[in-house]
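Presented below is the structure to which this report refers.
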Amino acid sequence: VEDLGFDSIDGALFDLGVSSMQLDERERGFAYSYDAPLDMRMDQSQSLSAREIVNTWSEDDLTRILRDFGEEKWARQIARVICDRRKSTPIERTAQLVSIIDAAIPKKFRQGDGSHPARRTFQALRIAVNDELDPLEPAVRDLVDMLKPGGRIAIITFHSLEDRIVKNCFRDLADPCTCPKNMPVCVCGKKPVVKL
């Protein structure tokens, strides 16, 4: 915005959806429904890919991203099987990863909610590869700083992780007071900068 010569804005809209044009390119490795190289990079010039994460990250780090970014309840088991399988053969294709996930999740739990058992793992890897969550809160705060009085910001989220970050950030900007709630008067001096 500053590069375009503006020092303030009347409003902003964030649409956090991913590009279906990129997701539809089979060779990019975003989908679990067909075999492709395990890539998942939105920006093909970056070095980190899903293949690197799956083949080099520790079991604890894999568990963390599957749990935190995929909300996968079988995160530890999936990470353990990934680490076990990669000892003998590098995991380079989406079909290999789907097979690992199938082996890690007990059969009776694989389709309990009707979705593909690999959905959460693939989401977690995509988010980790593309660093989709870390820039979100700073971007919202930067835009709020540029917003004219009476301006508006609207954000379209597509999953609970994004939704939680946005709501917590907005809530903090609307009520930044750090004083104990039972104090009759605010002494921290932090004032709201947005109204929800």
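The values are calculated or read from the model by the stated rules, or taken from the named source; none is laboratory data. Owing to the predicted nature of the structure, the values given are computational and were not obtained by experimental measurement. Methodologically, a virtual Cβ is constructed for each residue, glycine included, from the backbone with ideal geometry; neighbour enumeration extends over all protein chains shown. Surface areas here come from the heavy atoms of the whole protein model, side chains and all, with no ligands, DNA or RNA. Shrake-Rupley method; radii C 1.70, N 1.55, O 1.52, S 1.80 Å.
Looking for something in contact with a Pro (Cβ under 6 Å, 6 or more places away or on another chain) and free of Cβ contacts under 8 Å to residues at least 60 places away in the same chain - is there at least one such residue anywhere in segment 56-70? Full working, then the answer.
Of segment 56-70, the ones in contact with a Pro (Cβ under 6 Å, 6 or more places away or on another chain) are none.
Checked against the condition, which is being in contact with a Pro (Cβ under 6 Å, 6 or more places away or on another chain) and free of Cβ contacts under 8 Å to residues at least 60 places away in the same chain, segment 56-70 yields no hits at all.
When Cys83 is tested against (1) surrounded by 12 or more Cβ atoms within 10 Å (Cβ to Cβ); (2) under 27 Å from Leu23 (Cβ atoms); (3) touching a residue at least 12 places away in the same chain (Cβ under 8 Å), exactly one condition is not met: (2). With a requirement of 3 or more residues that are modelled with pLDDT of 90 or more and more than 22 Å from Arg41 (Cα to Cα), the helices (runs of 4 or more DSSP H) lying completely within segment 107-196 that satisfy it span 136-146, 160-174.
When each of Arg119, Arg126 is tested for being touching a Phe, Trp or Tyr at 6+ places or on another chain (Cβ under 9 Å), of a type in the set (D, E, K, R), within 19 Å of Arg67 (Cβ to Cβ) and open to solvent by less than 50 Å² (accessible area, probe 1.4 Å), the lone residue that passes is Arg126. Of Ser47, Ser8, Ser33, Ser19, all but one fail to be more than 17 Å from the chain's Cα centre (by Cα) and free of Cβ contacts under 8 Å to residues at least 40 places away in the same chain; the exception is Ser47. Do we have any residue at all in segment 54-71 that's modelled with pLDDT under 95, closer than 25 Å to Glu25 by Cβ and among the hydroxyl-bearing types (Ser, Thr, Tyr)? For segment 54-71, residues modelled with pLDDT under 95, closer than 25 Å to Glu25 by Cβ and among the hydroxyl-bearing types (Ser, Thr, Tyr): absent.
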